[in-house]
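The values are calculated or read from the model by the stated rules, or taken from the named source; none is laboratory data. A quick note: this is a predicted structure, and the numbers were derived from the prediction, not measured. Ideal geometry is used to build each Cβ from the backbone, glycine not excepted, and the neighbour counts take in all protein chains shown. We work out accessible area using only protein heavy atoms, side chains counted, and drop any ligands, DNA or RNA first. Shrake-Rupley method; radii C 1.70, N 1.55, O 1.52, S 1.80 Å.
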Amino acid sequence: MAVGSACCATPAASNLPSFVPGSQAQPENKPAAAPVLRRFKTYRIKRFLGNISFVVLLNLLVKPAWVVLENVVQDRLGHEVFGTFTALLTLATIVAGISDLGTTQLTTKRLAAAPGFFQEYFPTLLPLRVGLGVGFLGATVGVGWALGYRGHWLLLLAITAAGLLLTQYMLFLRGVLQAHQRFNTDAVLSVLERLLLLGLVLALLPLGLTLDRYVGVRTVAVGFTFLLLLVLIRRFYGRVALRPRWEQVRQVLLDSWPLALITLVYGLNERVDMLMLERLVSAKEASYYAAAYRWVDAVMMYLWTVLPLFFARFAHATGRRQEQQDLLWFGQRVVTVPLLFVVGFGLFRGELLFFQFAHSTPAEVARMTQCLQLLFLNVLVHAFFALYSTLLTSTDHEKPVSWLVTGSIALNVGLNFLLMPRYGALAGAANTLLCAVVVSVGYVWLVPRRTGVQLPWAMLLRLGLVFGGLCGGWYLLRTYAGLPWWLETALAGLWLLALVAGLGVVKPSEIRQLRGKA
């Protein structure tokens, strides 16, 4: 996430063997007059939309329930205990993300373009990832000790980090399914761990919930899901003999390094606030921020579920600029429109999301709500521009993106040191929003210069007008109608649909295309 020069840089050539079967880069095409859906073949769109819809449906069934339950866990354990655990979880998440070293994205890109990459490189990649996981587990404990965690907290950090490293390994293996376009299987696996954890935590509530038990059931859920994924990978692709070749290890790490840097800066950019709050201010302030960020993370799960599908599609269309442009223009609506409504709800009815906190004071709930509103504006920025980062990183432009996010992290950390001691969690949320804006401006600047793909400016304007109209209508409903929240929300949703149709974000002809026979 986190600038390259103004000139168009040629993507760095990879030294990995190219398995792309006899294809040549397509000449630059000017945008055709036909609608995007017509150029990007209708049957392909319908199938891809089906994949996206299935993934989103599964997450809608599981993720909100998990967020509500985790709020209950936070309320039962108390802000002080849960704030410290949040800091440990944040540290483990950052280090676990770094442990990937970019190999997941590299593997997805290579497999999407060349299926032969699996047999050639996976005998090396599988043991390499195991070694990286073990090494980074030790690094996590070491960093935790250096930050001042001792005794039982250090043990909880080690157990939490081990579970997250298994999760990272699963993301790596799921990249194989995504690259081979097995999106529905991947969708089921993406929610299975949360579904298991949901059941285990619900079973714990009547028995008595403690932090140790909570950490234990998290570990059990991720372990079971990991074993199931190993079985599926072996069934789909057969047994892979583990024969690491050191020249391949060196080459993979060299080629994945730009992606590793992006993973590092993304993880720091999104997570460092909670860790800094707990260390610089208090565990309670970290807990308030965590309660708000949990809903943000649930909403952003839509992006982190949908964007990997576009990542694989962009990589599959390497060298075909017109197809990439059609994907971007189509994806702009798929990614942005659903989040406009969610962001509107957070801005106007955010306090309703903290109904589980029966043991918190009104002032604490108000603090969490203010953090939520600022962070939901951050979601809005990502809804408009995160897809551009996906296009850049899937087409070998990782380096300028990583420098962009690195600058954002430096700005964020500097502002945190300056503002957090005075404003606490609100400073963390405001700094996150500002950095998201800075990074997104960089994406807009980079995409046409580095990829040659034109941005959908007219559609961006329409989407901006849709969100402005939604907020205006919701404000009038909230101020003058005096309706129950659920009726107010339903009317706001209908108003959004009217704006989407009236401003031409989705045209009736496109709906007829998708409903017709492929």
Q. Only one of (1) surrounded by 14 or more Cβ atoms within 10 Å (Cβ to Cβ); (2) closer than 30 Å to SER394 by Cβ; (3) among the small types (Gly, Ala, Ser) fails for ALA458. Which number is that?
A. (1)
Q) What is the number of the single condition among (1) modelled with pLDDT under 90; (2) in contact with a Phe, Trp or Tyr (Cβ under 6 Å, 6 or more places away or on another chain) that VAL453 does not meet? A) (2)
Q.
Is it the case, given these coordinates, that TYR480 is at pLDDT 95 or above and part of a helix (DSSP H, G or I)?
A. no
Q: Being open to solvent by 50 Å² or more (accessible area, probe 1.4 Å) and among the aliphatic types (A, V, I, L, M) is the filter here, so list the residues in the stretch 120-154 that pass it.
A: VAL130, VAL134, LEU137, VAL143, ALA146, LEU147
Q: Exactly one condition in (1) surrounded by 14 or more Cβ atoms within 10 Å (Cβ to Cβ); (2) at pLDDT below 75 is not met by VAL215; state its number.
A: (2)
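Kindly provide the set of residues from the stretch 308-328 that are under 20 Å from the mean Cα position of the chain (by Cα) and open to solvent by 10 Å² or more (accessible area, probe 1.4 Å), ordered by number.
Our first condition is that a residue be under 20 Å from the mean Cα position of the chain (by Cα); within the stretch 308-328, this holds for 308-315, 327-328.
Correct list: PRO308, PHE311, ARG313.
Checking the conditions here, which among THR406, THR489, THR479 is over 23 Å from LEU347 (Cα atoms), β-branched (Val, Ile, Thr) and out of contact with any strand residue (DSSP E or B) (no Cβ under 9 Å at 6 or more places or on another chain)? Give the derivation first.
Numbers: THR489 fails: over 23 Å from LEU347 (Cα atoms); THR479 fails: over 23 Å from LEU347 (Cα atoms).
After applying the criteria, what remains is THR406.
Of the residues that make up the stretch 403-411, is at least one open to solvent by 30 Å² or more (accessible area, probe 1.4 Å), farther than 26 Å from THR104 by Cα and not aromatic (Phe, Trp, Tyr)?
Filtering the stretch 403-411 down to residues open to solvent by 30 Å² or more (accessible area, probe 1.4 Å) leaves 403, 406-407, 410-411.
Imposing the further condition that a residue be farther than 26 Å from THR104 by Cα reduces the set to 411.
Keeping just the survivors that are not aromatic (Phe, Trp, Tyr) gives 411.
Yes: the stretch 403-411 contains one or more residues that are open to solvent by 30 Å² or more (accessible area, probe 1.4 Å), farther than 26 Å from THR104 by Cα and not aromatic (Phe, Trp, Tyr).
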Q. Any residue at all in the stretch 180-203 that is modelled with pLDDT under 85 and at positive phi?
A. yes
(Q) Exactly one condition in (1) surrounded by 14 or more Cβ atoms within 10 Å (Cβ to Cβ); (2) charged (D, E, K, R); (3) at pLDDT 75 or above is false for GLU80; which is it? (A) (1)
